[in-house]
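J.: The structure's right below; bear with me while I get my questions together.
The values are calculated or read from the model by the stated rules, or taken from the named source; none is laboratory data. Being a predicted model, the structure only gives us computed values, none of them experimental. Every residue, glycine among them, receives a Cβ derived from its backbone with ideal geometry; neighbour counts consider all protein chains shown. We work out accessible area using only protein heavy atoms, side chains counted, and drop any ligands, DNA or RNA first. Shrake-Rupley method; radii C 1.70, N 1.55, O 1.52, S 1.80 Å.
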Amino acid sequence: MQKKLSLVVVTSVLLSLSACGLLPDKSDENKNVSASKLYADAQEEMSGGHYEAAIKLFERLESNYPFGTYAAQAQMEIAYAHYKAQDQAEALAAVERFIKLHPNHPQVDYMYYLRGLINFNDQIGFLSFIYAQDPTERDPKATREAFAAFKELVDKFPNSKYAPDSIARMNYLTNAMSQYEVHVANYYYRRGAYLAALNRAQSAVTQFSQAPAREEALFIMIRCYDKLGMFDLRDDTQRIFTANYPDSRFTGGKGNGDAPWWKFWAKAGPKPAPKDAVQ
């Protein structure tokens, strides 16, 4: 009886192995497809906005041809596809991986630029302009990270074609960080925490002296000094304020208009990964 049972088990195993051999291995799918075909198919998926499908094809391309001319390009495209899919964590991970693996790649500057864009768009939000949401009211962590990424690009690659746009975005982010300080200062002032409000307004003035928010920060300082009974400092700040902003909207003048400074940013978005490596 035991011998018969053993024979049945062995037979079942052999049949299973035989059946497996007859079926195509899914892992071998597209194994013999050329790198150029895989890349073209992935690009087609990208063009159609099918980013997850494109990522899978780029990953297969990198896996099948790890030492070909397409491998590094596929890694760049994966980072960009994750970015387009609004998957910030995966996009940043792909960027960091590329920079680590290819620190001397001729287009590594693009990856530094993309790192900044990922954090930049997290900071301003894709719907800010639709809902008129002031992005300076959000946590400035992403703002600082985006600024640091763009600054690293400009410092490492001052002649990069992405440097001018990075500098423009750094200026924007500087304004955002200063306006955030002003936003917090106003918050404290409205609640009667005049010393805390004064400290945040002073921070905006000293750290971001060229930012548009400096005007409002000085005005908050005047009001805080007045509330705190520090009249000499109030008058000194008032003189500085009047000399620099004689027509300030905070004192009844027209100033720079009522449109928030952050509304100016209307660029279409990032360029796709450069294709030079595979052309």
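J.: Taking the highest mean first, how do the peptides 228-237, 82-91, 157-166, 172-181 order by number of other beta carbon atoms within 10 angstrom per residue?
T.: By packing density, highest mean first, the sequence is 172-181, 82-91, 157-166, 228-237.
J.: Could you pull out the pairs from LYS161/LYS275; LYS37/LYS100; LYS84/LYS161 whose alpha carbons sit more than 23 Å apart here?
T.: Distance filter (> 23 Å) returns LYS37/LYS100.
J.: Now a separate question. Ignoring ligands, DNA and RNA, what percent of the 1.4 Å accessible area of segment 30-106 is carbon and sulfur?
T.: Summing carbon and sulfur atoms, their accessible area is 50 percent of the total for segment 30-106.
J.: Modelling each spin label as a point 7 Å along the Cα-to-Cβ direction, I'd like the ARG190/GLN207 distance in nm, to one decimal.
T.: If labels sit at ARG190 and GLN207, their model points lie 2.1 nm apart.
J.: How high is the FRET efficiency from ASP235 to GLN88, r the C-beta distance, R0 51 Å, rounded to 0.05?
T.: Efficiency computed from Cβ-Cβ geometry: 0.60.
J.: Apply 1/(1 + (r/R0)^6) to the Cβ-Cβ distance of ALA243 and ILE167, taking R0 = 41 Å, and write down the FRET efficiency to the nearest 0.05.
T.: 0.90
J.: Let me ask you something else. Identify the residues of segment 68-86 with backbone N under 15 Å of a label point that sits 7 angstrom from the Cα of LEU101 along the Cα-to-Cβ direction, or state none.
T.: 68-82
J.: If you don't mind, another one. Between THR251 and ASP226, how high is the FRET efficiency from 1/(1 + (r/R0)^6) when r is the Cβ-Cβ distance and R₀ = 22 Å? Nearest 0.05.
T.: Here the calculated transfer efficiency is 0.95.
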